[in-house]
Amino acid sequence: MRWLYFVKLLLHLRELSLISPAPLKMLLRVLMGKNKHPLYVGEGSLRLCQISPPNLYGFLHLRKIGLSPVQSQPPEPELLAWELLPGRTFLTRLHVGMDLMTLYELFGRKDYGENFSAQTVVDVGAYNGDSAVFFALQGAHRVIALEPYPPNYALAQENLRRMELEDRITLIPAALGVRTGKTTFRIALEAPDANSLQPSLSSLQAFISYKEHIEVEVLSLPTLRERFGLDEIDFLKLDCEGCEFSILSELPIEEIRRVKVWHIEYHGRPLPLLKRLTEAGYAVERRLDRAGVLGYLIAKRR
C-alpha cells in the first residue's frame with residue numbers, strides 16, 4: 001500500500017510544498033514506512049502528525065482545493081480538525097482509514113453531487129459522519145445515517161455535535177442488510193472504512209486484513225422505511241464494502257423502486273448490480289471505475 005501512495009505522491013512532487021517543509025524527505029519516510037511527518041496545518045504553522053499514506057494523499061488534495069485545518073487543534077497527533085462552516089469543526093483521524101480522502105471526495109470532487117435541497121437521504125456506511133454532514137450542508141432536510149462500527153459511530157456522533165446538525169441527521173448504530181436481526185460484522189482495524197458484513201473479496205479487497213469481528217444490529221430496507229415512516233427515499237447512498245450485491249439481489253423490485261436515486265459504490269465486478277437495477281426500471285450510469293472492480297453506479301428511477 002505504501003508503494004502505491006509513494007508513487008501517487010511522487011506524481012505531485014511540485015505541489016508537496018503545500019503540505020511539507022521537506023517534500024523529498026517526507027517521500028523517503030513514506031517509502032521507509034514511517035508515518036510521522038511535520039505538516040503545514042494552518043497559515044504556515046507546522047504540526048507533527050501521525051498520518052497514514054492514504055490520508056497524506058488526501059491531505060494534499062484538500063489543501064489543493066483550499067480547505068485548511070483550523071488553527072486550534074486537538075492535542076492528539078493522530079487527529080485533525082477542519083472548519084467546514086464558520087465556527088463549526090469536523091474531526092478526522094490521520095493514522096487509520098481514509099478520513100481525509102473521503103473528505104476530499106465529498107467536498108472537493110463532489111462524488112455524490114451538490115444539490116440535495118429538501119430531500120430525504122439514507123446514508124448507508126456513514127463512517128465518521130462526513131457524508132451525512134455533506135448531505136445536510138447541501139440542503140437535505142432529513143438524513144438517516146447507518147454506521148455499525150462503534151469507533152466510527154462515536155466519532156460520527158462527535159462530528160454531528162461539533163457541526164450542530166443533530167436536529168437534521170439521525171445516526172443509527174446498525175448496518176443495512178437483507179434481513180432485520182443481528183449478524184457478524186468483520187473489522188479491518190487499520191482500515192475502518194473497509195469494515196463489512198459481507199466482503200466481496202475482489203482483487204482490491206483481497207489486500208484488506210479482517211482481524212476481528214463483532215455482532216451488530218442489521219436493518220432491512222423495509223424495516224428502515226417503516227421505522228421512520230418513509231414511503232419513498234429521495235437518495236440512498238450505499239457504501240457497504242461488498243454487501244451491495246446481496247441487498248440488491250434479494251430486495252424485491254417494488255422495494256428497490258421505493259428509492260428515487262441509488263448511489264452505490266461497488267466492490268467487485270458490477271454486472272449483477274447493473275442488471276438488477278436495469279430490470280427494476282432505472283437508468284444507470286457507471287462512474288470513476290477503477291480496475292473494473294471499484295467505482296460508482298448512479299441509478300435514477302424512470
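The values are calculated or read from the model by the stated rules, or taken from the named source; none is laboratory data. A quick note: this is a predicted structure, and the numbers were derived from the prediction, not measured. Here Cβ is always computed from backbone atoms with ideal geometry, including for glycine, and neighbour counts include all displayed protein chains.
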When you look at residue 156, is it more than 27 Å from residue 86 (Cα to Cα), small (Gly, Ala, Ser) and out of contact with any Lys or Arg (no Cβ under 9 Å at 6 or more places or on another chain), yes or no? no
Which members of the stretch 210-246 meet the condition of being outside any loop (DSSP other than H, G, I, E, B), farther than 12 Å from residue 197 by Cβ and free of Cβ contacts under 8 Å to residues at least 60 places away in the same chain? 212, 221, 222, 223, 225, 226, 227
Would you be able to tell me the number of residues in the stretch 33-52 that are buried (at least 20 other Cβ atoms within 10 Å of the Cβ) and not in a strand (DSSP E or B)? 3
Breaking point among (1) in a strand (DSSP E or B); (2) within 18 Å of the chain's Cα centre (by Cα); (3) surrounded by 19 or more Cβ atoms within 10 Å (Cβ to Cβ), for residue 299: (2)
Considering 97, 129, which residue is touching a residue at least 12 places away in the same chain (Cβ under 8 Å), at positive phi and in the same structural domain as residue 80 (by TED's automatic domain parsing)? 97
Just need a number here: residues in the stretch 81-124 that are aliphatic (A, V, I, L, M), in a loop (DSSP other than H, G, I, E, B) and more than 30 Å from residue 36 (Cα to Cα). 1
With criteria (1) without any contact (Cβ under 8 Å) to a residue 12 or more places away in the chain; (2) outside any strand (DSSP E or B), residue 272 comes up short on (1)
Some residue of the stretch 2-15 being in contact with an Asp or Glu (Cβ under 9 Å, 6 or more places away or on another chain), among the aromatic types (Phe, Trp, Tyr) and on the phi < 0 side of the Ramachandran plot: no
